[in-house]
Amino acid sequence: MSEKRSAPSRQPFRIGMLLYDTRYRSLTIQVIALMGFMLLVAWLISNTIQNLNSLGKDVSFDFLRQPSSYDINQHLLEYDSRSSHLRASMVGLLNTLLVAVLGCTLATVVGVLIGVLRLSRNWIVARLMTIYIEGFRNVPVLLWIVFFMAILIETLPRPRDFRGDDATASMLLGDSVALTNRGVYVPEPLFSNSLGDVPILGWFSISLDLITLLIVLFVGITGAGMIRRRAERRQAETGVRPVTWPIRLGLIAIPPLVLLYLLGFHLGFPELKGFNFSGGIYMRNSMIALWLALSFYTAAFIAENVRAGIMAVSKGQTEAAYSLGLRPGITMSLVVLPQALRIIIPPLISQYLNLTKNSSLAIAVGYMDVTGTLGGITLNQTGRELETILLLMLCYLAISLSVSAILNWYNNRVKLKER
């Protein structure tokens, strides 16, 4: 007959258990470390405020309401030198976001293309892609920005070279695009029957034409998606997939085209008047140089991420696709790349963040981003170092967290689901 074991008695809690009991020790250490860190931050803040008060500089953000008294060479919002520092900061922030979006888009396209071509069986193509990657990765991005700026200034013609019968330069694409050493002029969209603009909080205006066009596109894409899902259900039930692409294409393309026709859509072309071009959309060389340099520099790193992701996909996937009669291009786009995305996306987030933060080097070529406005001229004019740097850090932090959140959401959608 086995003896019945009695359960050990539960010891009462004592203060000493916070240090000597392994069940509580790690939590105690974390709480102490957090309290120490908070005390350190509080001391730094208190010490900074006391030092500023002794210098007669209290912490205040009222300077944002003062006139900026400086010009910004390229802006997406209405702006002049009488605008406030806050508006100047917003203009700089939008310039940063513009370069970041354009740069991430071009860097992704070029990076994926270079990464795929580096795995080419053609020795010359693979070696050329290797030279591109190693060349851009091992030269500081600041040098590439200055290099692209020098190329644009020194090689493109001057506006006066387009004038007269003895002109040495001509516009491109049916006299619609002008490449000059001052910038690039492209056609701008105009509407004869415009619906007008809607002011937003007195800061800027949003075109009702654009809003209407986006709504029509959204409705068309939503309707096309519903038809596609219905066709998939029909295929799952009967084994026959109905032909729906003409209807889906019509839903997406026809309503926007009809809307553009009703609004009187046309293009405004740049024209040479006096010593420079007028009309159209003007993109300064500083913005183009920054955009191209950041894009091609970041594309070199993205290409390596793409190459690593493709090589991580089992060769059996490719062989199985070939056995089904799929061509190499279709196999890469429909079989290999979708699986490689699960490996590519996490490091791709870091590359997007690096590109966005590297845009702060825009001041080297005179492009006024948020660093050049808020962290540059505004800081020097107002002498508010602490406030401007804090706002600048907050801007970059918000951008970085937004990019990370979007790509992490996408990464969670494409990752494998275990069942």
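The values are calculated or read from the model by the stated rules, or taken from the named source; none is laboratory data. Because the structure is a prediction, the values reported are computed rather than measured. All Cβ positions, glycine included, derive from the backbone under ideal geometry; neighbour counts span all protein chains shown. Keep in mind that these areas ignore ligands, DNA and RNA; they rest on the heavy atoms of the full protein, side chains included. Shrake-Rupley method; radii C 1.70, N 1.55, O 1.52, S 1.80 Å.
In terms of accessible area, using a 1.4 Å probe and ignoring ligands and nucleic acids, D197, D21, D80 rank largest first as D197, D80, D21.
Using per-residue counts of other Cβ atoms within 10 Å, averaged over each peptide, order 388-400, 256-268, 97-109, 48-60 from highest down.
Details: 388-400: 16.1, 256-268: 13.5, 97-109: 18.5, 48-60: 10.8.
Per-residue mean Cβ counts within 10 Å order the peptides as 97-109, 388-400, 256-268, 48-60.
Computed from the Cα positions only, the extents of the range 283-388 along the three principal axes stand at 69, 29, 15 Å, in decreasing order. Exposed loop sites are taken as GluC sites (Glu not before Pro) in a DSSP loop (any state but H, G, I, E or B) with at most 11 other beta carbon atoms within 10 Å; the longest stretch of the chain without one runs 79-417. Using a probe of 1.4 angstrom and keeping all protein chains present, the accessible surface of the range 82-221 works out to 58 square angstrom per residue.
Determine, at each q value in 0.07, 0.08, 0.12, 0.15 (inverse angstroms), the log₁₀ of I(q)/I(0) that the Debye formula gives when each Cα of the chain is one equal point scatterer. At q = 0.07, 0.08, 0.12, 0.15 Å⁻¹ the computed log10 ratios are -0.56, -0.71, -1.31, -1.52. Projecting the Cα atoms of A308, L353, P199 onto the dipole axis of the chain, where Lys and Arg carry +1 and Asp and Glu carry -1 at the beta carbon, places A308 farthest toward the positive end.
Assuming a viscosity of 0.692 mPa s and a temperature of 37 °C, what translational diffusion coefficient in µm² per second does Stokes-Einstein assign to the range 87-126, Rh being the Kirkwood radius over Cα pairs? Could the numbers behind the result be given before it?
Numbers: Rh = 12.2 Å.
In µm²/s, the coefficient is 270.
Is the C-alpha gyration tensor of the range 100-236 telling us rounded, prolate or oblate? Criteria: a/c under 1.5 is rounded; beyond that, a/b larger than b/c is prolate, otherwise oblate.
Working: a/c = 2.12, a/b = 1.13, b/c = 1.87.
Oblate is the answer for the range 100-236, as a/c is 1.5 or above yet b/c matches or exceeds a/b.
The relative contact order of the range 174-320 comes to 32 percent, based on Cα pairs under 8 Å that sit 6 or more residues apart.
Of all accessible surface on the range 9-123 at a 1.4 Å probe, what whole percent is carbon and sulfur? Show your work: numbers first, answer last.
Working: 5200 of 8010 Å².
Result for the range 9-123: 65 percent of the exposed heavy-atom area is carbon or sulfur.
Computed in the context of the full set of protein chains, the accessible area of the range 236-331 at 1.4 Å probe radius has 68% of its extent on carbon or sulfur. Derived from the Cα gyration tensor, the three semi-axes of the equivalent ellipsoid of the range 360-412 are 28, 14, 5 Å, largest first. Using the alpha-carbon centroid of each, what span in Å lies between the range 371-413 and the range 302-349? Each part reduced to its Cα centre gives a spacing of 35 Å. Separation of the range 209-271 and the range 48-120, taken as the distance between their Cα centroids, equals 35 angstrom. Directionally averaged projected area (the range 50-135, Cα convex hull): 10.0 nm².
Here's the picture: charge each Lys and Arg Cβ at +1 and each Asp and Glu Cβ at -1 in the range 225-272, and of A231, P270, L259 the one pushed furthest to the positive end of that dipole is A231.
Where in the chain are the DSSP H helices whose C-alpha atoms run 27 Å or more along the long axis and whose mean Kyte hydropathy is at least 1.6? List each step's numbers first, then the result.
Numbers: long enough: 22-54 (48 Å, 0.78); 85-118 (47 Å, 1.70); 208-238 (45 Å, 0.51); 285-312 (40 Å, 1.11); 337-358 (30 Å, 0.40); 385-414 (44 Å, 1.06).
Taking the DSSP H segments of the chain (at least 27 Å long, mean hydropathy at least 1.6), we get 85-118.
Normalised by the empirical 2.2 N^0.38 Å for globular proteins, what value does the Cα Rg of the range 223-305 take?
Computed over Cα atoms of the range 223-305, the ratio equals 1.95.
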